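The values are calculated or read from the model by the stated rules, or taken from the named source; none is laboratory data. Just so it is clear, the structure is predicted and the values come from calculations on it, not from any experiment. With ideal geometry, Cβ positions are generated from the backbone for all residues, glycine too; neighbour counts draw on all protein chains shown.
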């Protein structure tokens, strides 16, 4: 779930900073609010501050998880397209890439970008794509250890799935020799 953002017009200067954080870095705002709640004595005003703080912090973490999941799906489908560009499912993979990537672009704020672990997402995507390709008869897929894309490249509004798959394919061909 991506939280709805509110306008900061007409607020006092100290309120604008808090709203600015809410509007531009919801995850950071949620972490900050959770920390404030944790500093409030338990039971004050009848609030369950510990659990309330954890729920607020989890709202921010859920946005990071959502964006990470979308990017993982983009990469899984890009890998499949890179490995089997002639597959019957290639057009479907392209559609999926565009849908997942568009949703990731819309979901990702600067605060979320700072918290994305692209290395981990790449490793999970490689594992998922390899397992899927193996189930469909494709063996011996050797993917690069490092993601061939930066986060900024994956979040470009003009991402070209064919060019991106070509980039993965090129990275697959340039593997270092074993030591």
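Quick notes on this structure:
- Residue match in segment 138-146 (condition: under 14 Å from residue 70 (Cα atoms), touching a residue at least 24 places away in the same chain (Cβ under 8 Å) and within 18 Å of the chain's Cα centre (by Cα)): no
- Residue 65 vs. criteria closer than 18 Å to residue 168 by Cα, free of Cβ contacts under 8 Å to residues at least 40 places away in the same chain and either surrounded by fewer than 15 Cβ atoms within 10 Å (Cβ to Cβ) or out of contact with any helix residue (DSSP H, G or I) (no Cβ under 9 Å at 6 or more places or on another chain) (or both): no
- Every condition in (1) without any contact (Cβ under 8 Å) to a residue 40 or more places away in the chain; (2) surrounded by fewer than 20 Cβ atoms within 10 Å (Cβ to Cβ); (3) touching a helix residue (DSSP H, G or I) at 6+ places or on another chain (Cβ under 6 Å) is met by residue 51 except one, and the failing one is (3).
- Here 132, 109 are screened, and the one residue that is touching a residue at least 40 places away in the same chain (Cβ under 8 Å), surrounded by 14 or more Cβ atoms within 10 Å (Cβ to Cβ) and closer than 19 Å to residue 67 by Cα is 109.
- For segment 139-175, the set of residues classified as part of a loop (DSSP other than H, G, I, E, B), touching a helix residue (DSSP H, G or I) at 6+ places or on another chain (Cβ under 7 Å) and either under 15 Å from residue 80 (Cα atoms) or at pLDDT below 95 (or both) consists of 141, 142, 143, 144, 147, 148, listed by residue number.
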